[in-house]
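Notes to accompany the following structure.
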Amino acid sequence: MTARPTEPTGPPKERAILVGVQFKGEAFSSDGTWPVEASLAELAQLARTAGIEVVGELVQRLDRPNPATFIGPGKVEELVEKVAETAADVVIFDDELSPRHQRELEKALGEGVKVLDRTALILDIFAQHAHTREGALQVELAQYEYRLPRLTRAWTHLARQAGGRAGGATGGVGVRGPGETQLETDRRVIRRRIAHLKRELEKVRAHRSRYRARRRRQGLPVVSIVGYTNAGKSTLLNALADADVLVEDKLFATLDPTTRRVKLPGGRVVLFTDTVGFIQKLPTDLVAAFRATLEETIEADLLLHVLDVTHPQARRQAQAVLETLEDIGAIGKPMVTALNKVDRLPDPQQALEVAEGLPNPVPISALTGYGLDRLLEEVEAALERDLVPLEVVVPFDRGDLLRLIRERGTVEREVHTPEGTRVAARVPRDLVGLLNAVCR
């Protein structure tokens, strides 16, 4: 009897040690800073999402980062021993490392051991989950901007590593000038690629802007679903719109934005958009690279903040989301807070205990459907509260404006006059200027 061939097992997982630093005075400060143990637990989840096996952790409490190695010399020695004991091939720091930190740590750990930070790990996850051209462009730009200051001789011949894209995009890599090192050539290649990616993303941004303008002419308000990664945003969109957005118990399972139509209880149709989740210590370069996508949030009529009330760091997650919204200029918008995953609580009303200070909280379960009708009522009420009173005479040849008022606002009175249709209504603030400019 012949033996059956064994199934291919695939490449072995990388083995990682996680390193976290708690700077004195941060542990439970009022600014939303996380305790190092909680932050490392999230880093471990990020590592697993990236397909990396966590085999150990190291924590140090410091007054300030060591200028050479981020952690102190004694901890570096301890880290070297732990790497040898666990046969780890990756060390991941929970904070962003400077190029010098990374260089000195790799020198201390020896050949064959990579040193990553939280930013590099998030970028790797984003690269795995970017399925559209836009998402791929945004991730690639963030990766190159992260790599450029960290470029060393170990990164040589990047034009070939990029599969020829850098040369193809910019009309050729070019010949090295007199005395120019390979390192200088690689830096030049990356700068060209960055410039090309920025031009391509400007085209994407312009296309999105035209799409939003067309959408507004159709009279459809936009509700942007925001929240911490893995809070249940995609599950909620699926439940509200009978959509088929990917749902996984992983951080950043969905990256590319998805928009669906949803009918509110009063019959008004609105667009719900699910965008990339936020996370604490979100890299600045990543926020900048995803500007085209995040503009969906900036331009929305209302923000629907989804919060996992069962997470032990729920309040800190909410704070991280609000800080990111402030960074991108979206914090002043009307907001409804969906207190999600109450199916895991003995009493759904317990969710309100973590909602202090959060606007318009509604306990829900996107998984079971609990509270979704109430949530849509609150969304409708919040959109209504943002309407302002206006009375204008719409010319007879501008039926498009009359339709816009009816679809996006609430008409209180219509009277036909010789000059046109006199309308008393409540309309979104962004329509007031347009209507006053065209109507009497």
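Miscellaneous remarks
- Scan of the stretch 79-101 for residues that are crowded, with 21+ Cβ neighbours inside 10 Å and outside any strand (DSSP E or B), ordered by number: Leu79, Val83, Ala88, Asp94, Leu97, His101
- One residue stands out among those in the stretch 370-404 that are in a loop (DSSP other than H, G, I, E, B) and not basic (Lys, Arg): the one that is surrounded by the most Cβ atoms within 10 Å (Cβ to Cβ), which is Gly371.
- Any hit, the stretch 318-329, residues being in the same structural domain as Leu294 (by TED's automatic domain parsing) and in a loop (DSSP other than H, G, I, E, B): yes
- Leading residue by the ranking (modelled with the highest pLDDT) among those in the stretch 32-54 that are surrounded by fewer than 19 Cβ atoms within 10 Å (Cβ to Cβ) and more than 21 Å from the chain's Cα centre (by Cα): Glu53
- Conditions (1) within 29 Å of Ala130 (Cβ to Cβ); (2) part of a strand (DSSP E or B); number of the one not met by Leu339: (1)
- Selection from the stretch 356-369 of residues that are buried (at least 16 other Cβ atoms within 10 Å of the Cβ) and in a loop (DSSP other than H, G, I, E, B): Leu358, Asn360, Ile364, Ser365, Ala366, Leu367
- Test: residue in the stretch 409-419 that is under 35 Å from the mean Cα position of the chain (by Cα), free of Cβ contacts under 8 Å to residues at least 40 places away in the same chain and not in a strand (DSSP E or B): yes
- Yes/no for Asp89 being within 23 Å of Arg316 (Cα to Cα) and modelled with pLDDT under 95: no
- The single condition from (1) over 22 Å from Gly51 (Cα atoms); (2) in a loop (DSSP other than H, G, I, E, B) that His131 fails is (1).
The values are calculated or read from the model by the stated rules, or taken from the named source; none is laboratory data. Just so you know, these numbers come straight off a predicted model, no measurement behind them. Quick reminder, even Gly has a Cβ in these numbers, built from the backbone with ideal geometry, and neighbours come from all protein chains shown.
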